[in-house]
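The values are calculated or read from the model by the stated rules, or taken from the named source; none is laboratory data. Keep in mind that what you see is a predicted model, and the values were worked out from it rather than measured. Neighbour counts run over all protein chains shown; Cβ positions are idealised from the backbone, glycine included.
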Amino acid sequence: MSNQTRVTEFLLHGFSEIQELQTFYSCVFLIIYLVALMENLLIIISIIYNLHLHKPMYFFLANLASQDLGSLSVSIPKSMTNSFLDIRTISYSGCVSQVFFLIFFMGSHYFLLGVMAYDRYVAICNPLHYETVMTQKTCIQMAASAWITGFIYSIIYTGNAFTPDFCSNEINHFFCEIPQLIRISCSESYVIKIWVVSAGCCLAFVYFVLIIYSYVQIFKAVLRIPSAHGKQKAFSTCLPHLMVVSLFMISGTFAYLGPASSTPSTLNLWVSVFYCIAPPLMNPLIYSMRNRELKMAFWKLTVKLFSHLTFPHVGNWMHFRK
């Protein structure tokens, strides 16, 4: 790739070269996308409208669900639209936006996971001081810092990714992915990868060490709890978060530290689908699986919505009677 070209748009590959499979995959991803969208919206609405869930842990969980909604909506809708309309193009600005918002939501998501680890650390290791440490103002500041840090990192990341000239406009993927953009750049790919990807990996590693340290202290504190019921309750509040962290780290590691293939690869496709869709789809299930308060909030919200949709006059009459 010696000839530099001024790129105004990129060509994306679909889910498959066969039209029938392309349509089938698009329909499957559309269903998964809608399910994940509904799950995260239920999380957010349940936490907002249920006063019993106005606690730090659920406040951070609502922020996490918002980030999942954002990261899920960055790449999947555009690729499905291209598939259904049988087009492959995405504008240069559209590609920049995809990269920026994907890194923004995923970066802030990872930083928020660290904040949530600290929240669990204070709740279990210093329960008597929890309410004085995790005040409403502190929680808002911690959540805002995660969003702002993700925003700043995304600006740096995206600026470095789109600095070089591109020798081709064909991206062997269904959305604008950093490893693929590095491959088609005219600059030295390994230099870009060192400064762009490695910097992110170092930051992620430091944050991961802090999360691991928090959980080491948490497990030490849990093991000192005399009652079996107390240990089980403490573990039930920590294990979902630990599962979410592991899922996010594993999927991101496979996606960004693996080699960028020069040809369309089924493995690359499924790895990207895994880290784009799996966390937003699984996080609500993981958190609500063993959380009785969240389950009750879901049930109340579902019953309320169902009653209003099915019997709107009854709902209005009950409101009038109140």
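Pairing residues of region 27-41 that are modelled with pLDDT of 85 or more with residues that are among the hydroxyl-bearing types (Ser, Thr, Tyr), at Cβ distances under 9 Å and at least 6 apart in sequence or on separate chains, gives TYR33/SER73; LEU37/SER73; GLU39/SER288; ASN40/SER66. Within region 30-37, one or more residues are within 22 Å of the chain's Cα centre (by Cα) and of a type in the set (Phe, Trp, Tyr). Remark: ASN63 matches the filter, which requires a residue to be of a type outside the set (A, V, I, L, M) and either modelled with pLDDT of 85 or more or on the phi > 0 side of the Ramachandran plot (or both). Residue selection: ILE225 satisfies the criterion of being at pLDDT 70 or above and not in a helix (DSSP H, G or I). Applying the set (1) in contact with a helix residue (DSSP H, G or I) (Cβ under 8 Å, 6 or more places away or on another chain); (2) in a helix (DSSP H, G or I); (3) crowded, with 19+ Cβ neighbours inside 10 Å to ILE90 leaves exactly one unmet item: (2).
Given ILE124, ILE156, which one is within 22 Å of ALA221 (Cα to Cα), of a type in the set (Val, Ile, Thr), assigned by TED's automatic domain parsing to the domain that holds PHE219 and modelled with pLDDT under 85? After applying the criteria, what remains is ILE124. Please verify whether THR263 is assigned to a helix (DSSP H, G or I), at pLDDT below 75 and hydroxyl-bearing (Ser, Thr, Tyr), treating the condition exactly as stated. No, not satisfied. Kindly establish whether TRP270 is surrounded by fewer than 15 Cβ atoms within 10 Å (Cβ to Cβ) and modelled with pLDDT of 65 or more. Yes: the conditions hold for TRP270. Residues of region 57-100 that are of a type in the set (Lys, Arg) and in contact with a His (Cβ under 8 Å, 6 or more places away or on another chain): ARG88 alone.
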